[in-house]
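Have a look at the structure below before the remarks.
Throughout, read-outs are computed from the coordinates displayed, never taken from laboratory work. Here the structure is a predicted model, which is why all the values come from computation and not from measurement. FYI the Cβ positions are ideal-geometry reconstructions off the backbone, even for glycines, and counts take in every protein chain you see.
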Amino acid sequence: MKISRRKFLKISSTAIGTVVASEAASLGLDAKAMTDKTAQIPMKSGKQVQSVCPYCAVGCAQIVTIDATGKIIDIQGNPDSPVNEGTLCPKGAAAYQLAVNDLRWTKVKYRAPGSDHWEDKPLDWAMKRIVDLVKNTRDANFNEYEEVPDGKGNMVRKRVMNTYAIATLGGATMDNEWNYVQQKLMHALGVVYVENQARI
């Protein structure tokens, strides 16, 4: 008897479904109750907007569902995309939590050295403090010249224009454009240690 692959899979899935259903019934599980419960789950409906996952360079397509007020109510993979065919990795699947999260801090939190509590600070204050600390650290530890090996067993003095006192570690929520600008800024400052958490 010749049987096609498609027919084999169809017969197998039907047989497996029958076995699972009979096993569930023998254990006293009520499939109808499960079906009824599933029907009560509210379906998220609204305007669907095509988007791209912000995390890595793959560019998985997403469908962002928004309600009448413009609020994001769901983010799913786009099945029409040839890149991901509707699938998303764990980070992409959790993109909704990046956009909508009641626990996400919306103010700058600062804890002074030796302090036992956090203070709310204005964003302008925090940005200026970061700039001042980076500039002071770079100025105090900047290497214009350095003795480096010449490959022949000798040391030669070369102009390096760098600092080893600052490092940058990118996070998984930084998109490609942010990463590009970040590494350009760090290299312009002479920072040698540039890394991203996604690679670690």
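From the C-alpha gyration tensor of region 61-156, pull out the three semi-axes of the equivalent ellipsoid (sqrt of 5λ each), sorted largest to smallest, in whole Å. Working shown, then result.
Numbers: eigenvalues 376, 172, 26 Å².
They are 43, 29, 11 Å, listed largest first.
Set the Förster radius R0 to 35 Å, insert the Cβ-Cβ distance between Ile11 and Gln97 as r into 1/(1 + (r/R0)^6), and round the FRET efficiency to 0.05.
0.25
Given just the C-alpha atoms of region 47-99, how large is their convex hull per residue in cubic angstrom? Don't skip to the answer; put the middle values down first.
Details: hull volume 3.3 nm³, N = 53.
That works out to 62 Å³ per residue.
Could you name the lysines whose alpha carbon sits less than 26 Å from that of Lys71, not counting residues in the same chain fewer than 8 places away?
Lys44, Lys47, Lys91, Lys107
Let me know the Rg and Dmax you get for region 96-148 when you use only its Cα atoms, in Å.
17.2, 52
Taking Rh as the Kirkwood radius, which is the inverse of the mean 1/r over Cα pairs, what is the Rg/Rh value for region 108-199? Walk me through the intermediate numbers first.
Working: Rg = 17.3 Å, Rh = 15.9 Å.
Ratio of gyration radius to Kirkwood radius for region 108-199: 1.09.
Can you pull out the trypsin sites (Lys or Arg not before Pro) in region 103-200 whose DSSP state is coil and whose Cβ has at most 11 other Cβ atoms within 10 Å?
Taking region 103-200 and a limit of 11 other Cβ atoms within 10 Å, the loop trypsin sites (Lys or Arg not before Pro) found are Arg104, Arg111, Lys152.
So what is the relative contact order for region 55-136, in percent, with contacts set as C-alpha pairs under 8 Å and at least six apart?
Computed over region 55-136, the figure is 17 percent.
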